[in-house]
Amino acid sequence: MALHHIGLKEINGSLIVLDDVENAGFDELVEIHLKNNTKRQGRIVQIDGKRVVIQVFEGTNDLSMENTSTHFTGKPLEIPLSTELLGRIFNGAGKPIDGLGEIFAEKYADINGAAINPVSRNYPRNYIRTGISSIDALTTLIRGQKLPIFSDSGLPHNKLAVQIVKQAKIADKEEDNNFCIVFAAMGVKNDIADYFKTKFEESGVLERVSMFINLSNDPIIERILTPRCALTAAEYLAYEKNMHVLVILTDMTSYAEAIREFSSSKGEIPGRKGYPGYLYSDLAQLYERAGVLKNSKGSVTQIPILTMPNGDITNPVPDLTGYITEGQIVLSKELYQQGVYPPVSILPSLSRLMKDGIGEKYTRSDHQAVASQLFACYAKVQDARSLASVIGEEELSATDKSYIEFGKNFESNFLTQSDDEDRTIEQTLDLGWDLLCLLPKEELDRIDSELLDKVYDPSRSQRFKSTI
Amino acid sequence: MSSKIFSINGPVIKARKATEFSMMEMVYVGKNKIIGEVISINENETTIQVYESTTGLKPGEPIYSTGTPLFATLGPGIISNIFDGIERPLKEMEKSSGAFIGIGSDIPSLNENKTYDVTVTVKVGDTINPGEIYATCPETSMITHKCMLSPLLKTSVVKEIKPNGQYKVNDTIVIIEDENGNVHELSLCQKWPIRVARPVKNRLSISRPLITGQRIIDTMFPIAKGGTAAVPGGFGTGKTMTQHALAKWSDADIIIYVGCGERGNEMTQVLEEFSELIDPRTGKALTDRTTLIANTSNMPVAAREASIYTGITLAEYYRDMGYHVAIMADSTSRWAEALREISGRLEEMPAEEGFPAYLPSRLSQFYERAGYMETLSGQEGSVTIIGAVSPQGSDFSEPVTQNTKRFVRCFWALDKALAYSRHYPAINWITSYSEYDEDLKKFYDNEVGEDFLNIKQKISALLAEESKLMEIVKLIGADVLPDDQKLVIEISKVIRVGFLQQNAFHKDDAYVTLEKQKQMMKIIIYFYENASKLISHSIPFSVLVESGIFTKLSRIKYDIPNDDLDKFNTYYDEIDLFIKKQLNN
């Protein structure tokens, strides 16, 4: 016989306190029944003897000290899993909201997951082609990687995410139909959620997408569960159903703010900018759920999207994220204002796993050389530009002038592409070579002499010169 | 009667009236017997931090006392292994709980069924002192394991020995009796509390470099065996890459690599990569000298705090055998943050940026465990600590970086601007420093040649001058500079691109011998000095550029293999020919 506790001791923000509770476990799921026959869920976050603190997912509105009866379920929060997850829409706590009824569960799993044993991981090696030159060539996305997009309000990160989802392809063809997407929205606006839904529908991928949506006016505590539910679903699809899962988490900043709100209502000592000291560990528990396992064919690849408050990359959320994820794709307001889409600012962008997932076996043998030369040259473009802003472009040396020309063409031809342009890796790398040929040969110091002699040909860059 | 759990808050557990525990004692918590450590006691409450997830733990579950502090098991089987933060073997855990780490795995640290070919080195009747060796056995192809009398025991007399042969880790091989008449059975392993430094006979002065094969480190900012270094850098600047390069190529006998709160994939990478790589000095697989401690960022935070101590204890144990051990801690900031997290849960008064007030003392305790020592058994051994620091917001003025700076003598500052232009290793040559120059002077003079430090000085001077000139260039452009300054800029570019920048993925460039490093610097300076002469003879700078020698010098790192240094002569010939031709014109 399940025990029900009538009434509460204390209500404080999203937390409620019960007294005289016996045999409750840490992190256990509780159900709170209201007098009006509605039910809410919560989670035990602290135990002091018989006093128990519970976090209520749907918020504490309408709760009073007397009108509730609380039931302890004896297990942590679990969600039902089966391949039916695909094509469905859930709320932040994993309940279906598309009116198609409950999921017929093959199994239930604890949403907190468990840490993957580093010994059981396979080092991610194979790449995912996104058809976007700046990403494929310079910050290659690898299967099993976590590669966030650092953005700012007003930048087209959602458009970019949709384009990645639409165009993403696994390199080996036969596994193409094993590809699926888990989409988690935390604290996003209604129309953004709609935008994603419509775009997925238009491009015909909806039946391969599982959406977990917590809108900006939904309870914040549910927001803490959203990525956990989504990742539990992703892990199930990847490691038990051998699928390649791309997880999009947006917006991680709203998630971190939810954590902060929860922490301060619990009365914890705040760390940097009011975020709790455990924000790093908390984010790591989400991001580290990406990967490839030895005993399974599937993979979980994450693209978390976060808006940097005030465009500040040193804010705790992007800062800690960057320390956990394997690189980052940074979007730049300046480029976007110049009409560059996707406005990927390549210098601060990086893919840590790229070096092992490209080259002869995966993309093309000259990929590394082209990428590192493009980076080095584009860095010099910045020097030349700042010099030009002081002494004027006319006064620059011939070499610096060629850098300015390279920079301009790199931005307008390589970075820029339309939102339905799907470039192959060959097209992208050849384009890179064409652009490099704008520069004098001796400036290309990152490329092997042999390779350079073979490929370098100034006439390749002719088409860019004529446009000036 | 054992105590019971009273309250639970994340990894912090409290028990009421549990006075039987002692400070820093290891305890087992709850039905699953998860490992914890007592961190504070008062008359009402005992606080315990636990090393695993507390999900499902209930008040009223028992807490078991063990009577010993948190310890590491030391014996053969450590090398080539991979452990979590409290020395549990991850490979064995995979067998028992699958790809995801379960709760309450109680697996012995060392493989208890494997046998080793043991040679007993003492005789019945011998007197044996703490730290003295009583048996040896081959552990890997590179490492001979030496079993030493634990420093916790007293000077004793050998009563009984087993014949040489195959023994398991826990088999008794020697029986001794100490002066108080207590009899001890010695096996191949011993236990040591991880938070206590192992004793040594003497601290020796530092005199030998840890040769890493990385040019910017070996020549510009060398680290000594027994020294300490910090590698601070924001994300993406290559801390982990630098640590990996050092773990692969440095000439230590043993590498302990601690992945403290970092990425799971990185540890997998080390595992895969190191088993394929060959040590350039011994020709054996690198894994045969490496131990990994992996406490990734999603593993419990308290174990992350312990992982650093586990790592240094293993390092000291091998040092006591007379090995030179290098420990890479990646990253000490995660460890400091673990301290902060636990301190916050204990509601301690925070100091700077929320870090506890004892952060500096903990850091210094850790770094002071490095050193070049005479061991208890009279051998020489060293522990070198290389700690990565991940400053929050890439700001070097934050507490962890600043406090670390006080306790290390080598500072390799990683630079975002260099990393953005993919100049790796992105160690900034202006802000980095090494205080070991003086200590190592004798070594360099004797082993590499007296001209080495001299040339290095010239290289540093050129780089410093370039950095000043670049300020001007930023304002007015390089074209208006006089030719001699243009030469400084151009030759510095050769130094930066051709010397300081090193390609970790190129077969000839990943590791470079000291001799080749010297030759490279020498030829650059040789050309610079001759080119200066030409310029003083009013030969225009453009002639020098057209010669293509600058480009050639930048490519020496790829074009001259490590084992064919005679090739340098052709470069000298070419320079001489060019200079002569110009002077004759």
Kindly check whether there is at least one residue in the stretch A:401-423 that is of a type in the set (D, E, K, R) and more than 31 Å from the chain's Cα centre (by Cα). yes
So for the stretch A:216-229 (the condition being in a helix (DSSP H, G or I), under 22 Å from B:ASN265 (Cβ atoms) and either within 18 Å of the chain's Cα centre (by Cα) or touching a residue at least 12 places away in the same chain (Cβ under 8 Å) (or both)), does at least one residue qualify? yes
Scan the stretch A:389-403 for residues that are more than 9 Å from chain B (Cβ to nearest Cβ) and surrounded by 18 or more Cβ atoms within 10 Å (Cβ to Cβ) and jot them down. A:SER402, A:TYR403
Could you say whether any residue in the stretch B:366-389 is buried (at least 18 other Cβ atoms within 10 Å of the Cβ), within 18 Å of the chain's Cα centre (by Cα) and assigned to a helix (DSSP H, G or I)? yes
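From the list B:SER554, B:SER532, which residue is polar (S, T, N, Q), over 30 Å from B:ILE211 (Cβ atoms) and in contact (Cβ under 8 Å) with a residue 40 or more places away in the chain? I'd like the intermediate steps shown before the answer.
Numbers: B:SER554 fails: over 30 Å from B:ILE211 (Cβ atoms).
Only one candidate passes the filter, namely B:SER532.
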When the stretch B:54-73 is examined, which residues are found to be within 35 Å of the chain's Cα centre (by Cα) and not in a loop (DSSP other than H, G, I, E, B)? B:SER65, B:THR66, B:GLY67, B:THR68, B:PRO69, B:PHE71, B:ALA72, B:THR73
Condition broken by B:ILE143, with the remaining ones in (1) more than 14 Å from every other protein chain (Cβ to nearest Cβ); (2) closer than 27 Å to B:GLU37 by Cβ; (3) crowded, with 19+ Cβ neighbours inside 10 Å satisfied: (2)
Count - residues of the stretch A:81-90 that are surrounded by fewer than 18 Cβ atoms within 10 Å (Cβ to Cβ) and either touching a Ser or Thr at 6+ places or on another chain (Cβ under 6 Å) or not in a helix (DSSP H, G or I) (or both): 2
Cβ contacts < 6 Å: first residue in contact (Cβ under 8 Å) with a residue 60 or more places away in the chain, restricted to the stretch B:300-315; second residue surrounded by fewer than 24 Cβ atoms within 10 Å (Cβ to Cβ) and charged (D, E, K, R), any location; separation 6+ or different chain. Result? B:TYR309/B:ARG195; B:ILE312/B:ARG369
Anything in the stretch A:1-52 that is closer than 21 Å to A:ALA93 by Cα, surrounded by 14 or more Cβ atoms within 10 Å (Cβ to Cβ) and of a type in the set (Lys, Arg)? List them, or say none. A:ARG40, A:ARG43
State whether one or more residues within the stretch A:416-433 are touching a strand residue (DSSP E or B) at 6+ places or on another chain (Cβ under 7 Å), assigned to a helix (DSSP H, G or I) and over 23 Å from A:GLU334 (Cα atoms). yes
Looking at the stretch A:359-384, which of the residues that are assigned to a loop (DSSP other than H, G, I, E, B) and without any contact (Cβ under 8 Å) to a residue 24 or more places away in the chain is nearest to the other protein chains (Cβ to nearest Cβ)? A:GLY359
I'm checking my understanding of the structure. Among residues of the stretch B:92-140 that are among the β-branched types (Val, Ile, Thr) and over 25 Å from B:ASN164 (Cβ atoms), which one is surrounded by the most Cβ atoms within 10 Å (Cβ to Cβ)? B:ILE101
Members of the stretch B:58-96 found to be away from chain A (no Cβ under 14 Å), more than 14 Å from B:PRO193 (Cα to Cα) and in contact with a Pro (Cβ under 9 Å, 6 or more places away or on another chain), listed by number: B:PRO76, B:GLY77
Given the structure, is B:ILE256 within 16 Å of B:TYR367 (Cβ to Cβ), modelled with pLDDT under 95 and aliphatic (A, V, I, L, M)? no
Which ones in the stretch B:533-560 are buried (at least 17 other Cβ atoms within 10 Å of the Cβ) and within 14 Å of another protein chain (Cβ to nearest Cβ)? B:PHE541, B:LEU544, B:SER547, B:ILE549, B:PHE550, B:THR551, B:LYS552, B:LEU553, B:SER554, B:ILE556, B:LYS557, B:ILE560
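Counting only residues that are of a type in the set (D, E, K, R) and modelled with pLDDT under 90, how many does the stretch A:270-296 have?
2
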Only listed residue being farther than 27 Å from B:SER297 by Cβ, of a type outside the set (D, E, K, R) and at pLDDT below 90, chosen from A:VAL209, A:VAL205: A:VAL205
Residue count for the stretch B:5-30, restricted to those that are within 11 Å of chain A (Cβ to nearest Cβ) and either within 37 Å of the chain's Cα centre (by Cα) or in contact (Cβ under 8 Å) with a residue 40 or more places away in the chain (or both): 12
Against the condition surrounded by fewer than 22 Cβ atoms within 10 Å (Cβ to Cβ) and without any contact (Cβ under 8 Å) to a residue 12 or more places away in the chain, how does A:ALA114 come out, does it pass? yes
Evaluate the following for A:ILE16: is it touching a residue at least 24 places away in the same chain (Cβ under 8 Å) and among the β-branched types (Val, Ile, Thr)? yes
Which condition breaks for A:ILE313 when tested against (1) surrounded by fewer than 24 Cβ atoms within 10 Å (Cβ to Cβ); (2) in contact with a strand residue (DSSP E or B) (Cβ under 6 Å, 6 or more places away or on another chain); (3) touching a residue at least 40 places away in the same chain (Cβ under 8 Å)? (2)
Which ones in the stretch A:260-281 are within 13 Å of chain B (Cβ to nearest Cβ) and surrounded by fewer than 20 Cβ atoms within 10 Å (Cβ to Cβ)? A:SER264, A:LYS266, A:GLY267, A:GLU268, A:ILE269, A:PRO270, A:ARG272, A:LYS273, A:GLY274
Counting only strands (runs of 3 or more DSSP E) wholly inside the stretch B:186-265, the ones holding at least 2 residues that are away from chain A (no Cβ under 14 Å) and either crowded, with 22+ Cβ neighbours inside 10 Å or within 18 Å of the chain's Cα centre (by Cα) (or both) are B:228-232, B:254-260
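Residue-wise test of (1) without any contact (Cβ under 8 Å) to a residue 12 or more places away in the chain; (2) in a loop (DSSP other than H, G, I, E, B); (3) within 14 Å of another protein chain (Cβ to nearest Cβ).
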| site | (1), (2), (3) |
| --- | --- |
| A:THR60 | no, yes, no |
| A:GLU66 | no, yes, no |
| A:GLY74 | no, yes, yes |
| A:ALA105 | no, yes, no |
| A:TYR108 | no, no, no |
| A:ARG125 | no, yes, yes |
| A:ILE128 | no, no, no |
| A:SER134 | no, no, no |
| A:ASN158 | no, no, no |
Extreme residue, surrounded by the most Cβ atoms within 10 Å (Cβ to Cβ), among residues of the stretch B:459-482 that are within 14 Å of chain A (Cβ to nearest Cβ) and closer than 22 Å to B:SER538 by Cβ: B:ALA478
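The values are calculated or read from the model by the stated rules, or taken from the named source; none is laboratory data. Because the structure is a prediction, the values reported are computed rather than measured. Cβ: placed from backbone, ideal geometry, glycine included. Neighbour counts: every protein chain shown.
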